[in-house]
Amino acid sequence: PSSSRRASVGSNSSSSTTIPTTKALWQRKKQSRGAYKRTEDIIVTNDADDVITATTNTNSQQQQQPKAPNASTSTKAPTLAEQEDLEEARLAALEKEAAEQQFTTPSNLYADVYNSAAATATSTSTTDPTTTLISDSLNEDPLSRTPAKELQLAQKRDALQNTRLNEMFADEDADNAARQAKIKALMEEDDRAWKEERKKRLLGKYAGVESWEEVEKMLGEDRKKEVKEMEMKVDIAKQAGVTLTMLEAPDTDESVSSKENNKSNFNPTIGVAGKSSWFAQEDNIDLESEFQSLPKTADGESGSADKDKGNLLKEDGPRFVNGKLTSREQLMGISVGSAGGWSLEVYPGDFVVHRKYGIGRYERTVLKPKSKLTQEEKEAAENRRKEIINDMMKDGKQLDEIQRFVETFGTEADKDPISNPLSTLLEIAYGDAVVHVPIDRAYRLSRYRAGDAAIKPRLSRVKGEAWSKAKQKVEISTVQMAQDVLALYATRETLSRPPFDPSREGEVQNFEKSFTFEPTPDQQKCFEDVENDMVWRSRPMDRLICGDVGFGKTEVAMRALFRAVANGRQAAMLAPTGVLAAQHYKNIVKRMGEDTEHKFNIALLRGGMGKNTKKGRELRAAIAAGETQIVIGTHALLSNGMMFHDLGLLTVDEEQRFGVNQKERLKLICNCVDVLTLSATPIPRTLQMSLSGIRDTSTIRSPPPMRKPTISYVQEYDETIVRDAIERELAREGQVFYVVPRISQLEEASSMLTKIFPELRVIQAHGRMPRGQAEENVASFAEGNHDVLLATTVIENGVDIPRVNTIIIQNAQAFGMSTLYQLRGRVGRSDVQAFAYFFS
């Protein structure tokens, strides 16, 4: 302690010593009692934090021993027991002196406690046993105390200390409690204000309702107003020469159970590009429950309202979408078209692309006054306004009232259709603005093709030149690509390569015997054309085989592949999907694999076998070394670093599914490679090049023998027809394809099928399955382990399962004509009558 905390005891003393505090005395006393267990001597230290300095009387029991006059003279050191006795005596003397001074010497916290205890002990009115115990302990001999009594005394002293501390901090604790109470009240008030603001923001005009009677009344008024507004939008669009049709809102169920049952990684929501947080979901659920708990009447009557609440929200009333109460009319989509042939179908939240502004998000349709009027419309509006003013003057209206009414001309308050012509606009949200597109200019908009992608596109900005620069970059790239392609074909016309050996045609004819069907005349013509190109011409082959689905184009490719390998060259077959590539691999291995007499080494290269994987590196090394003779693959064949030992033939199946850069990459790498392209629906560019003579073309027009044409039905969706079609197919021991346009619709279709046929064996296939899972599911379905294959367009190309003779396509309007044509070709590949149902 500092010098200010030191005190003088007695004035007649000539020597000074160090007096420990009570805490130090207690600690040293405990040390002295345990001294017999220690091997070292007890050393008493003078710690400035634990002691106070005082002057003692000359008759103190502890005197400083005089030093020996001679250094050589040795004094016998005291024993351990003697040191303990001296320490005990010194402690007793110090306690006695402290009691005589009545605790006025110590100035620390313990001294204050003893002062309070001494004062209380000397009071005649004190009856507290604690102070009595302390008062008695001050007069008794410390050496006569038992350990239990000393422990009791220490506990009582601690209790007095705590009481004094509580008194010292009582005011501060009271201030803290008052401050905490004020903070809590402010937080509760802020929470109530936030909840009220959130309720108004999410519930809108329904935030202040107190019963379902008010809800039903407001719903009726809103429905009349919105129906009238929709009729006006349709009429105005019709006057502009555009057909506008309001589409029913899609079903969205955001209840807790649906969220728990939905195991898809991507759950599309209306009007929101990203996923909401867990906190937002829980908060929205709480708000929806609060809205659902409204009583039937304002008096609190419940009754049958609880039964009708769910129907009111689901049928024609507002619904909670992303936590916000939204009317059904606001969720309705639109279908816009004109006699010119363009059309657009969008729902709120769908991404669209504007020619001028770029990628945006469609929000809704609105009615706004026309910004630009024709001369006739201006004259009609002026005449109509004069008529309105004259009528008001005839009715005796005041001049001020007429003046205020005139100020509303041309604004939204002007409801006269002639004075203020309205226009139906599509509201498109962008990154920095909202653009209103007139309904008659909707042809400038198109749907964003990757709208179902898990990663949503970034909205473009209206201000700036980012979109125009992106368009310019694409335009330059397209022109450069076209020039490169033309240069490539011009170069190929000047190239030559050694023809294939005619003596090997005997092996090819031997291979042809493994074909179990009788070739059609058109097929035979294609076989001859390909043989002439490969065997009897020195210019590299570039031929398109065009034929209907199921007419035998794959057999033409197989014979070409065999001819190339029989002549010691490598061959590659490019397929657009893993499902089709796996099917080709299975069929080619069956015809010319290592288990056959030909013993060709055939490999499958697909996604997941990149150059950084072990399998990918091994397969690429085998291809580069020439150990692999035939390679069937997807886009992995077009990857960088793909090297062939001696590539002689490239076959591209379903060429319309590949881009220009993809198809021409291998030609650019291997200029002297023969190219054989297969397609039932060639793209215009390929067809134009074939018709102009740049590429050779062979066509298969005749169907295989005993093949029956597929019967097609186009109509609105009918669950009864779906049930009858599946029952008929299962009755003849067949299988069914059920196709939907989007992955998000698979679960809904699966639930519908399970509801109709509880014991139906359904399996799914789509492009977002884990690597190889879709191929395995299709293979399992082909083996007859399932009744229905529920899939997207992954089965569009090349899937050949003769047992499947019924295909049901849901929402057929969402597919292109080429896709629908390909899907219909998945059935009818045997002598059994096939059926195709196109539901809209």
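The values are calculated or read from the model by the stated rules, or taken from the named source; none is laboratory data. This structure is a prediction, so every number in the text was calculated from the model and none was measured. Quick reminder, even Gly has a Cβ in these numbers, built from the backbone with ideal geometry, and neighbours come from all protein chains shown. Keep in mind that these areas ignore ligands, DNA and RNA; they rest on the heavy atoms of the full protein, side chains included. Shrake-Rupley method; radii C 1.70, N 1.55, O 1.52, S 1.80 Å.
Things worth noting here:
- For region 592-613, a residue qualifies if it is at pLDDT 85 or above and either out of contact with any Phe, Trp or Tyr (no Cβ under 8 Å at 6 or more places or on another chain) or buried (at least 19 other Cβ atoms within 10 Å of the Cβ) (or both), and the qualifying residues are Met592, Asp595, Thr596, Glu597, Lys599, Phe600, Asn601, Ile602, Ala603, Leu604, Leu605.
- Close pairs (7 angstrom Cβ cut-off, 6 or more residues apart or separate chains): of a type in the set (Val, Ile, Thr) in region 565-576, open to solvent by less than 10 Å² (accessible area, probe 1.4 Å) anywhere: Val565/Ala571; Val565/Ile630
- Criterion applied to Lys324, Lys370 was being in contact with a Leu (Cβ under 8 Å, 6 or more places away or on another chain), within 24 Å of Gly241 (Cβ to Cβ) and at pLDDT below 85, and the one residue passing it is Lys370.
- Test: residue in region 802-823 that is of a type in the set (A, V, I, L, M), in contact with a His (Cβ under 7 Å, 6 or more places away or on another chain) and either under 22 Å from Asp724 (Cβ atoms) or outside any strand (DSSP E or B) (or both): no
- Cβ pairs under 8 Å, 6+ apart, first in region 647-675 and farther than 15 Å from Thr634 by Cβ, second modelled with pLDDT under 70: Leu647/Leu666; Leu647/Cys670; Val673/Leu666; Val673/Lys667; Val675/Lys667
- Unmet requirement for Val799, which otherwise passes all of (1) among the β-branched types (Val, Ile, Thr); (2) modelled with pLDDT of 90 or more; (3) buried (at least 21 other Cβ atoms within 10 Å of the Cβ); (4) outside any helix (DSSP H, G or I): (2)
- Failed condition for His645, given (1) in a loop (DSSP other than H, G, I, E, B); (2) modelled with pLDDT of 75 or more; (3) open to solvent by less than 60 Å² (accessible area, probe 1.4 Å): (3)
- So Gly772, is it more than 27 Å from Met817 (Cβ to Cβ), modelled with pLDDT under 90, out of contact with any strand residue (DSSP E or B) (no Cβ under 8 Å at 6 or more places or on another chain) and open to solvent by less than 30 Å² (accessible area, probe 1.4 Å): yes
- Any hit, region 634-643, residues being more than 23 Å from His766 (Cα to Cα) and over 36 Å from the mean Cα position of the chain (by Cα): yes
- Subset of region 465-485 that is more than 30 Å from Asp432 (Cβ to Cβ) and surrounded by fewer than 12 Cβ atoms within 10 Å (Cβ to Cβ) - its residue that is farthest from the chain's Cα centre (by Cα): Gln483
- Among the residues of region 473-482, not a single one is within 24 Å of Ala557 (Cβ to Cβ) and touching a residue at least 40 places away in the same chain (Cβ under 8 Å).
- Hits in region 672-725 (condition: within 43 Å of the chain's Cα centre (by Cα) and of a type in the set (Val, Ile, Thr)): Val675, Thr677, Thr681, Ile683, Thr686, Thr710, Ile711, Val714, Thr720, Ile721, Val722
- For Ala560, the test of being at pLDDT 90 or above and either closer than 14 Å to Thr628 by Cα or touching a His at 6+ places or on another chain (Cβ under 6 Å) (or both) is failed.
- Pairs with Cβ under 6 Å, 6+ apart, first in region 190-213 and surrounded by 13 or more Cβ atoms within 10 Å (Cβ to Cβ), second basic (Lys, Arg): Leu202/Lys324; Ala207/Lys199; Ala207/Lys200; Trp212/Lys296
- Here Tyr738 clears all of (1) within 27 Å of Gln583 (Cα to Cα); (2) modelled with pLDDT under 90 except the condition numbered (2).
- Matching residues in region 148-172 - criterion: being open to solvent by 90 Å² or more (accessible area, probe 1.4 Å) and among the charged types (D, E, K, R): Glu167, Asp171, Glu172
- Candidate set: region 233-248, residues that are at pLDDT 85 or above and farther than 16 Å from Arg441 by Cβ; chosen: the one most open to solvent (accessible area, probe 1.4 Å): Asp235
- Leu495 vs. criteria within 30 Å of Gln745 (Cβ to Cβ) and open to solvent by less than 80 Å² (accessible area, probe 1.4 Å): no
- Options Ile700, Ile694, Ile683; residue that is closer than 30 Å to Ser538 by Cβ and in contact with an Asp or Glu (Cβ under 6 Å, 6 or more places away or on another chain): Ile700
- Condition met for Phe266 (under 20 Å from Tyr347 (Cα atoms) and either under 23 Å from the mean Cα position of the chain (by Cα) or modelled with pLDDT of 80 or more (or both)): yes
- Residue within region 761-768 that is open to solvent by 10 Å² or more (accessible area, probe 1.4 Å), of a type in the set (D, E, K, R), at pLDDT 85 or above and over 31 Å from the mean Cα position of the chain (by Cα) present: no
- Across region 514-554, the qualifying residues are those that are in contact with a strand residue (DSSP E or B) (Cβ under 8 Å, 6 or more places away or on another chain) and of a type in the set (Val, Ile, Thr), and the one among them that is most open to solvent (accessible area, probe 1.4 Å) is Thr554.
- Looking across region 411-451, the residues that are assigned to a loop (DSSP other than H, G, I, E, B), surrounded by fewer than 15 Cβ atoms within 10 Å (Cβ to Cβ) and within 31 Å of the chain's Cα centre (by Cα) come down to Asp432, Ala433, Arg449, Ala450.
- If only residues of region 679-688 that are over 15 Å from Tyr821 (Cβ atoms) and in contact (Cβ under 8 Å) with a residue 24 or more places away in the chain are counted, the one that is most open to solvent (accessible area, probe 1.4 Å) is Arg685.
- Within region 367-388, being basic (Lys, Arg), in contact with a Ser or Thr (Cβ under 8 Å, 6 or more places away or on another chain) and over 16 Å from His436 (Cα atoms) holds for Arg384, Arg385.
- Residues within region 447-482 that are closer than 23 Å to Ala814 by Cβ and either modelled with pLDDT of 90 or more or of a type in the set (Asp, Glu) (or both), tallied: 1
- The listed residue being open to solvent by less than 40 Å² (accessible area, probe 1.4 Å) and in contact (Cβ under 8 Å) with a residue 12 or more places away in the chain, out of Ile694, Ile711, Ile700: Ile700
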